[in-house]
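Input: a single structure, listed below in structure tokens.
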Amino acid sequence: MNIGDKEIGDNHPCYIISEIGINHNGDIAVAEDLIRAAADAGADAVKFQKRTPEICTPKAVWDNVRDTPWGPMRYIEYRQLLEFDHADYDRIAHVAFENGMDWFASPCDIPSFEFLLEYAPPVVKVASAMLTNIPLIERIAEMGVPAIISTGGATLENIYQAQRIFGRNYPAAIMHCVAAYPVPDKFLNLRVIGTLRSLFPKYEVGYSGHEIGIATTVAAVALGANLVERHITLDRSMWGTDQSASIEPHGFKRMVRDIRAVEDALGSSAKTFLEIEKPAMEKLRYWE
């Protein structure tokens, strides 16, 4: 599988996605700062979320009043304020390009997917909540856009159903994910990564994490994740539902550093005498 000019797989560097999502709180300047922070941290891509609020928001809650950074307002108005328009996505595309980043998004409805198609994304993300949105998945498959499938809140049958729509050889990746925000470590079940690699050998397998901290995400790479995704924020104390399960820029940079170190350390599976060991053995094996 390729995303942009990067090949994904066991013999290639882990593809690291910085999930901005809606942590911009509807402010394009914050989104631009997050793109730059992700680039500085060494991520390969930034990802957003795109919704048509009138489709994705149940009408029963439209008139619920919510406290927001803009003051109390109807829930549907709040959802509308979080969405970026064409001018905003033009800026996202420009800033991502300037910083050498791939960018894409998770469409939550078919009009949002059609909106994103205008930008010729290298890939789209099927969010965990959308895994059973069959019309959306069918439309993505119909257009042949490479897809990353997230599996939070899913059963194996849900994944098989999506896989049947995309096709066994469709250019897609499957991400192990637990859909809680944040997830306590004991519920991460990172061994599922190996299960997915075994069950879906034609697909790349990755990990989308919502935990606090970075060690478990680094461990996911050691367990075979060829893609990882973590939410990024400028400040975890910012207003927003995803902020507490996100990583601040300095932490994201450490995570990327540690993933690259683990990739170097994994090395070869062959047990051989290494040239680097020769000086120590010549000194210590006094009987030889």
Given 178, 228, which one is of a type outside the set (Ser, Thr, Tyr), without any contact (Cβ under 8 Å) to a residue 60 or more places away in the chain, closer than 22 Å to residue 108 by Cα and in contact with a helix residue (DSSP H, G or I) (Cβ under 7 Å, 6 or more places away or on another chain)? 178
Of the residues that make up the range 7-21, is at least one without any contact (Cβ under 8 Å) to a residue 60 or more places away in the chain and surrounded by fewer than 19 Cβ atoms within 10 Å (Cβ to Cβ)? yes
Qualifying positions in the range 52-79 - in contact (Cβ under 8 Å) with a residue 40 or more places away in the chain and of a type in the set (Asp, Glu): none
Working only within the range 183-199, note down all residues that are part of a helix (DSSP H, G or I) and of a type outside the set (Asp, Glu). 186, 187, 192, 193, 194, 195, 196, 197, 198, 199
Any idea which of 219, 225, 173 is assigned to a loop (DSSP other than H, G, I, E, B), of a type in the set (Gly, Ala, Ser), modelled with pLDDT of 95 or more and closer than 22 Å to residue 14 by Cα? 225
Evaluate the range 11-31: report whether one residue or more is charged (D, E, K, R) and more than 30 Å from residue 261 (Cα to Cα). yes
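Could you please let me know if residue 22 is closer than 22 Å to residue 236 by Cβ and in contact with a Leu (Cβ under 9 Å, 6 or more places away or on another chain)? I'd like the intermediate steps shown before the answer.
Values: closer than 22 Å to residue 236 by Cβ: yes; in contact with a Leu (Cβ under 9 Å, 6 or more places away or on another chain): yes.
Against the criterion (closer than 22 Å to residue 236 by Cβ and in contact with a Leu (Cβ under 9 Å, 6 or more places away or on another chain)), residue 22 qualifies.
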Restricted to the range 160-170 and to residues being in a loop (DSSP other than H, G, I, E, B) and surrounded by fewer than 16 Cβ atoms within 10 Å (Cβ to Cβ), the residue modelled with the highest pLDDT is 167
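The values are calculated or read from the model by the stated rules, or taken from the named source; none is laboratory data. Keep in mind that what you see is a predicted model, and the values were worked out from it rather than measured. Heads up, the Cβs are rebuilt from the backbone with ideal geometry, glycines too, and the neighbour counts pull from every protein chain shown.
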